[in-house]
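To start, the structure under review is shown below, and the notes come after it.
The values are calculated or read from the model by the stated rules, or taken from the named source; none is laboratory data. These numbers come from a predicted model, not from an experiment. All Cβ positions, even for glycine, are placed from backbone atoms using ideal geometry, and neighbour counts span all protein chains on display. Just the protein is used for accessible areas: all its heavy atoms, side chains included, with ligands, DNA and RNA removed. Shrake-Rupley method; radii C 1.70, N 1.55, O 1.52, S 1.80 Å.
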Amino acid sequence: MYSSYTDDQLSRLLAGGDEKAFNEIYNRYWKRLLFIAHKRLRDTETAREVIQRVFLNLWNKRERLTIASLPNYLAAMTRHAVYRYLADEHRRQALHEVHAGIAGMEGKALEFDLDNKQLLDILVKYAGDLPEKFSIIFIHHKLLDKPIEEVAQRLGVSPRTAERYISQVMNIMRNKLRALRTAVFVFSALYAAWELFS
């Protein structure tokens, strides 16, 4: 019976919490969405996970959705889910690289006290909370000491734009450290780290 319903009818039933309508939408579109996700991710299992998230979001937000075209809406949700997954993976990889890079620099003099694991954890956490491009700039240029040209190429921007990002992210990190010093207490290592932001 539900297989004969139009997309508009299914969308209205979905908004009312009809599970059978949701199942019909899933059966009707999951292969098409899997193709969209796989085209970008090149990994079937990951694409399946992303599609499961898309349908979970569709169900959880069903009462608040305004859907003009169900296939277009689902395709847009899928593209957004793929971009979000890739951004999250990129951020995880960047954080992994900073830890790996720091582990490989044992015994070398750095711009701040790397022996202070607490400070490093704070800086990495703050970097993870930044917008993606800022996070990449901070981790690769400031913590891993990569050349600005290399970081700019990684971001797909000009070195001048990358320098502008650096200026912005340094202001953010200065404010975060200042707030931390004021809210808690003064870490001696925070003073040592201050040169990093000058």
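Things worth noting here:
- Calculated FRET value between Tyr83 and Lys125, using beta carbons and R₀ = 22 Å, to 0.05: 0.40
- Across Leu34, Leu13, Leu74, the residue with the most accessible area heads the list, and the full order at a 1.4 Å probe is Leu13, Leu34, Leu74.
- Residue-span extension gain [Asn175 to Ala76] - 0.36 nm each, minus C-alpha spacing: 32.0 nm
- If the chain linking Glu63 and Val157 were pulled fully straight, counting 0.36 nm for each residue of separation and taking away their Cα-Cα distance, it would gain 29.8 nm.
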